[in-house]
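Take this structure, written in structure tokens, and hold onto it; I'll ask about it next.
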Amino acid sequence: MAPLLLLLLAISVVYADEGAYIGANIGTALSDMPSPTQVVALLKSQQIRHVRLYDADAAMLAALANTGIRVTVSVPNDQLLAVGQSNATAANWVARNVVAHVPTVNITAVAVGSEVLTALPNAAPLLVPALRYVHSALVAANLDRQIKVSTPHSSSIILDSFPPSQAFFNRSLDPVISPMLKFLQSTGSYLMLNVYPYYDYMQSNGVIPLDYALFRPLPPNKEAVDANTLLHYTNVFDAIVDAAYFAMAYLNITNVPVVVLESGWPHKGDPSEEPDATADNADTYNSNLIRHVLNSTGTPKHPGVPVPTYIYELYDEDQRPGTLSERNWGLFDASGVPVYTLHLTGSGVLLANDTTNQTYCIARDGADAKMLQAALDWACGPGKVDCSVLMQGQRCYDPDTVEAHATYAFNAYYRGMGMSSGTCYFNGVATVTTTDPSHDGCVFPGSGGKNGTFFNGTSLAPASNSTSAESASPHSFHDTKLLFQIFGVLLLSLLFL
């Protein structure tokens, strides 16, 4: 890891000692819920080291024992009233659901309720007492330094969220939010926030571009600029997180970090009402989100400060009420089969719901032709992909298009680099698919589950005697300045993985 990144992580105000991380939410509204041992086996196979439970199920906690997985347990909303009304009830809850399981279970946080201020407003007056009672029980058990107490909020409690610098919490909630933030500050805890760019996009009536919600690259003139701070926002996620920071600052709270407890994108929805709830968009959002979080890029307001994030969610929950999309946020179905492919490695973390190894890197539909050409030139030049099969008369020459040739080169590079994180990005013009792009006599690397042999090395730096990009690529793009800009961006992004 680069020394600068280590320094940024060391000075981060985020509570989590390990800096940036990705976790997963485990819901249980499944008609065929896997057993706790099956759930933990899946977590281990995916090397998911942080989970959030929506309760404190004893069997699930027993299965998590001695795994080292960091666990956030929850006081469900239907138990909040009892916990918030009685110190003794809270102490009993902590004794049964926390103390009885540590240290064999690595419990690191208690989430008290879920979106109480918006989902259960009548219980709002009991939220802060519940937080205090649970924390007092942890103090009595000498666990308060190890286990933090907080409560997850919908981002809808933040009003006027763009520009972020003008954001503020719903003032009708001040009697709860102000003491809650002071509690978080005094106990060294963090603000748990649920961030769903999907809903912001859907409710914007076309004002928010889809690419902006999905972390896709935007030209500078399309980036959102906060006129008060001149900070540039390239995605909805960062804007919402910074809106929370500004809203806290408005109440003179400046040292409470944000942990995103839920974020994701549905992979299926009603085609007539939710046309953007697709597997491709879910893959794009979650892949970009994971890359963004693990790179510790932070937000425009707090660059370099990690924003630990939990993906919503591990399994599809087919028993959830509501629209079709409500039941289709999972990475896996109940049998542990990937619902769609998401293959990412990096920073010592693997979240690869590609259990078959059958993934390919292709040119993204609608990608800018000049950016495709520049990325193709890089792959066939400094990227050291053997592009001789793309020359006229060779087996992969047809169809003779930049998109087709770029797809071959991208996939050869991706496969040659072990399908690791960031190797199917190419400045946003590439994407991962499970559909084999081989055609006619052109067999792509990885087709049939075997890695190709068309990759001539692993160095990202251009060799002194390497063939020029112009002569190596069958489609030469002569804007050398743009090529080296993209090369530089790729190098920087890979350095911080």
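Mind telling me which of the residues PRO179, PRO217 ends up being at pLDDT 95 or above and either part of a helix (DSSP H, G or I) or over 30 Å from VAL99 (Cβ atoms) (or both)?
Testing whether each residue is at pLDDT 95 or above and either part of a helix (DSSP H, G or I) or over 30 Å from VAL99 (Cβ atoms) (or both) leaves just PRO179.
So, one more: With the requirement that a residue be surrounded by fewer than 18 Cβ atoms within 10 Å (Cβ to Cβ) and assigned to a helix (DSSP H, G or I), what does region 362-388 give you?
Across region 362-388, the qualifying residues are ALA369, LYS370, SER388.
Among the helices (runs of 4 or more DSSP H) lying completely within region 35-150, list those that include at least 3 residues that are open to solvent by 40 Å² or more (accessible area, probe 1.4 Å).
36-45, 58-64, 77-85, 87-94, 127-140
What about THR345, is it open to solvent by 60 Å² or more (accessible area, probe 1.4 Å) and at pLDDT below 90?
no
Tell me yes or no: at least one residue of region 78-86 is at pLDDT 95 or above, polar (S, T, N, Q) and under 29 Å from the mean Cα position of the chain (by Cα).
no
Regarding ILE208, is this residue in contact with a Phe, Trp or Tyr (Cβ under 7 Å, 6 or more places away or on another chain), open to solvent by less than 40 Å² (accessible area, probe 1.4 Å) and assigned to a loop (DSSP other than H, G, I, E, B)?
The answer is yes for ILE208.
Condition (residue is more than 22 Å from MET248 (Cβ to Cβ), open to solvent by 40 Å² or more (accessible area, probe 1.4 Å) and either touching a Pro at 6+ places or on another chain (Cβ under 9 Å) or in the same structural domain as ASN92 (by the TED database) (or both)) applied to region 163-172: is it met by at least one residue?
Looking through region 163-172, none of the residues is more than 22 Å from MET248 (Cβ to Cβ), open to solvent by 40 Å² or more (accessible area, probe 1.4 Å) and either touching a Pro at 6+ places or on another chain (Cβ under 9 Å) or in the same structural domain as ASN92 (by the TED database) (or both).
The values are calculated or read from the model by the stated rules, or taken from the named source; none is laboratory data. Not measured: the values here are computed from a predicted model. Here Cβ is always computed from backbone atoms with ideal geometry, including for glycine, and neighbour counts include all displayed protein chains. For accessibility, only protein heavy atoms count, side chains too; no ligands or nucleic acids. Shrake-Rupley method; radii C 1.70, N 1.55, O 1.52, S 1.80 Å.
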